[in-house]
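> Pasting a structure below so you can have a look.
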Amino acid sequence: MAIIDFFDRGWRINPTGTAYSQGDRDWSFNEVGDLSCQIANALLATGFSAGTKGAVWAGNDVESWACTLGLWRANMTWLPVNARSSVEGNAQILDNFDCDIIFFQEQFLEEINSVRDQLGKVNLWICIDGNVEGTSYLQAWCQSQPVTRPDVQVDLDDVVMLSPTGGTTGAPKGVMNTHRSVQTFVAHFMISCRYHADEKPVNLAAAPMTHTAGILSLPCTARGGAVVVLAKPDGGPLLEAIVKKRVTEFFLPPTVIYRLLDVPGIENLDFSSLRYFMYGAAPMSVEKLKKAIEVFGPVMTGGYGQTEAPASIAFLPPDEHFIDQRLATDERLSSVGRPNPLVRVEIMDENNAILPAGESGEICVRGDLLMKGYYKAPEKTAETIVDGWLHTGDIGHIDSEGYLHITDRKKDMIITGGFNVYPSDVEQVLWSHTAVQDCAVIGVPDADWGEAIKAVVELSEGGQVSSEELIALCKEKLGSVKAPKTVDFVESLPRSPVGKVLKKDLRELYWSDADRRI
């Protein structure tokens, strides 16, 4: 299937029903479908061909998402722009990825004008929601176009998303995802998150739609369900939307979930509509996961994916958080679930040999979920996809029941005194302390150990704990080798726009001077 076929499936099922809802405004499938057709026909009439690269510089917004649908309907390539990222960073990505078209919201005009000279490859600027001098206004630009679906030829290996990597380990690379890889993601989701034939899901898009929340809305749309769009995942409005709109599914990264659990009165709200509360994109504290299950019910849904294998390498459904109707073991809860059915997942050693169950190595994946490659970087592609296997850069193991455990990023492993220490082991212990809101564990230079383990900790509101107490807790649970030698307390950890802790930024603070000693 082409990526736009998932929208069209829902359009056929529920033409006059609500496809998207934002604030007090509901958009039917007919309205959004017609608009996406007009946008696609206008792009083609302007002379752009399949494969043209178009960006949507906007926040979470229904008309902005319709522009993405229009690009896909014309079989063009969507460049996701996270409006929360730095302006310079966005401009560099769009220029490096050869962006041809930019749709934008008027609220970002000043930012865009500050970097417009750097975007000389852009041939068409379209303001989504206002008349701006020197640009086309979306409604005026496409209103004369027909609402018929354009007849374009589609190959499943055509690139539909050119996404920047998270940048947690270096400069972003351009990941080329295709109709084939996205349809595999949607199939995984629809297999794992089940609804009865007559049920219409309600998806809440609170995280950025330019990241996971956007493609996670596609399965709901394909079922004829409604997507409730929030500008950002603020606690109060988000919880209100779940209750008021009877939301059945949504995704948040762990750091946002931690803040959500601290909202006063959350225990008294009615979350009975929820079926799937998805978490992922970064490791989650087992203790906070248990609290989330208490608050939201048996709906927590874990998962694991990468930009290079979108959102669905493995899946931990709600019922697998339990064993015999009791909460599962911490080992199960710390996993990301079993690999999904349309991919093969194996653990490999440095020589690309498959390791037996229980042994740790690099997580490698093959199947139709994989990206086509990195944009204009064949050497990087060849390093990452070897003999058809995507080398994820994540270290982990598969246990005797088939559950996949991510130990850490390959580049995050700490070698201290000749011992390998995975930061996630230490972070799970630190997260278990009630005073710890979030944390990151890194290796820092040490004359004797080579690297010494350092914990960087955010305290919860009103939380108090000393570094000595946290070190003692880790020694008790893990032994002295894995315990941090030092603990630093910070107001906030550096994070990417999608909530991932940027350990590379933390490391730079301590490694910028190679002679620095703790």
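The values are calculated or read from the model by the stated rules, or taken from the named source; none is laboratory data. Just so it is clear, the model here is predicted, and its values are computed rather than measured. Here the Cβ positions follow ideal geometry from the backbone for every residue, glycine too, while neighbour counts run over all protein chains shown.
> LEU260 is checked against (1) assigned to a loop (DSSP other than H, G, I, E, B); (2) closer than 20 Å to GLU294 by Cβ; (3) modelled with pLDDT under 95; (4) aliphatic (A, V, I, L, M) and fails just one. What number does that condition carry?
(1)
> So, one more: Just to be sure before I move on: is VAL481 surrounded by 13 or more Cβ atoms within 10 Å (Cβ to Cβ) and either in a strand (DSSP E or B) or under 25 Å from the mean Cα position of the chain (by Cα) (or both) in the structure I sent?
Spelling it out, it is not the case that VAL481 is surrounded by 13 or more Cβ atoms within 10 Å (Cβ to Cβ) and either in a strand (DSSP E or B) or under 25 Å from the mean Cα position of the chain (by Cα) (or both).
> Considering only residues that are more than 20 Å from PRO310 (Cβ to Cβ) and modelled with pLDDT under 95, which ones fall in region 232-255?
Those that are more than 20 Å from PRO310 (Cβ to Cβ) and modelled with pLDDT under 95: LYS232, PRO233, ASP234, GLY235, GLY236, PRO237, THR255.
> Do we have VAL263 as β-branched (Val, Ile, Thr), under 24 Å from THR16 (Cα atoms) and outside the structural domain of THR434 (by TED's automatic domain parsing) here?
It is false that VAL263 is β-branched (Val, Ile, Thr), under 24 Å from THR16 (Cα atoms) and outside the structural domain of THR434 (by TED's automatic domain parsing).
> Which of the residues spanning region 263-283 are part of a loop (DSSP other than H, G, I, E, B) and of a type in the set (A, V, I, L, M, F, W, C)?
Correct list: VAL263, LEU269, PHE271, LEU274, ALA281, ALA282.
> Now for a separate question. Given region 361-412, what strands (runs of 3 or more DSSP E) lie entirely inside it while holding 2 or more residues that are closer than 26 Å to LEU506 by Cβ and within 19 Å of the chain's Cα centre (by Cα)?
Ranges flagged: 389-398, 404-409.
> Just a yes or no: is a residue in region 461-470 in a helix (DSSP H, G or I), free of Cβ contacts under 8 Å to residues at least 40 places away in the same chain and either under 30 Å from MET209 (Cα atoms) or in contact with a strand residue (DSSP E or B) (Cβ under 7 Å, 6 or more places away or on another chain) (or both)?
So far as region 461-470 goes, yes, one or more of its residues are in a helix (DSSP H, G or I), free of Cβ contacts under 8 Å to residues at least 40 places away in the same chain and either under 30 Å from MET209 (Cα atoms) or in contact with a strand residue (DSSP E or B) (Cβ under 7 Å, 6 or more places away or on another chain) (or both).
> Going residue by residue through region 109-121, is there one that turns out to be buried (at least 19 other Cβ atoms within 10 Å of the Cβ), touching a residue at least 24 places away in the same chain (Cβ under 8 Å) and not charged (D, E, K, R)?
Within region 109-121 (the criterion being buried (at least 19 other Cβ atoms within 10 Å of the Cβ), touching a residue at least 24 places away in the same chain (Cβ under 8 Å) and not charged (D, E, K, R)), the answer is yes, since at least one residue qualifies.
> Moving on. For region 163-231, which fully contained strands (runs of 3 or more DSSP E) count at least 1 residues that are closer than 22 Å to VAL343 by Cβ?
174-178
> Of everything in region 340-366, what is in contact with an Asp or Glu (Cβ under 9 Å, 6 or more places away or on another chain) and closer than 20 Å to ALA187 by Cα? Give them in sequence order.
Those that are in contact with an Asp or Glu (Cβ under 9 Å, 6 or more places away or on another chain) and closer than 20 Å to ALA187 by Cα: LEU342, VAL343, VAL365, ARG366.
> For ASN90, work out the one condition from (1) within 18 Å of VAL160 (Cα to Cα); (2) not in a loop (DSSP other than H, G, I, E, B) it doesn't fulfil.
For ASN90, the exception is condition (1).
> Still on this structure, I have one more. State the number of residues belonging to region 31-68 that are within 24 Å of the chain's Cα centre (by Cα), under 20 Å from SER144 (Cβ atoms) and surrounded by fewer than 24 Cβ atoms within 10 Å (Cβ to Cβ).
Final tally of qualifying residues: 1.
> Being without any contact (Cβ under 8 Å) to a residue 40 or more places away in the chain and surrounded by 18 or more Cβ atoms within 10 Å (Cβ to Cβ) is the filter here, so list the residues in region 266-290 that pass it.
Matches in region 266-290: LEU274, PHE277, TYR279, MET284.
> Out of VAL186, VAL229, which single residue is in the same structural domain as TRP27 (by TED's automatic domain parsing), within 20 Å of VAL81 (Cα to Cα) and either aromatic (Phe, Trp, Tyr) or at pLDDT 95 or above (or both)?
VAL229
> Can we say VAL154 is outside any helix (DSSP H, G or I), farther than 25 Å from VAL32 by Cα and at pLDDT 95 or above?
The answer is no for VAL154.
> Please state which one of ALA282, ALA311 is on the phi > 0 side of the Ramachandran plot and either under 20 Å from the mean Cα position of the chain (by Cα) or basic (Lys, Arg) (or both).
The unique qualifying residue is ALA311.
> Restricting to region 11-30, give me the number of residues that are within 19 Å of MET209 (Cα to Cα) and buried (at least 22 other Cβ atoms within 10 Å of the Cβ).
Residues in region 11-30 being within 19 Å of MET209 (Cα to Cα) and buried (at least 22 other Cβ atoms within 10 Å of the Cβ): 3 in total.
> Working only within region 341-360, note down all residues that are assigned to a strand (DSSP E or B) and either surrounded by 20 or more Cβ atoms within 10 Å (Cβ to Cβ) or free of Cβ contacts under 8 Å to residues at least 40 places away in the same chain (or both).
Passing the criteria: VAL343, ARG344, VAL345, ILE347, ILE354.
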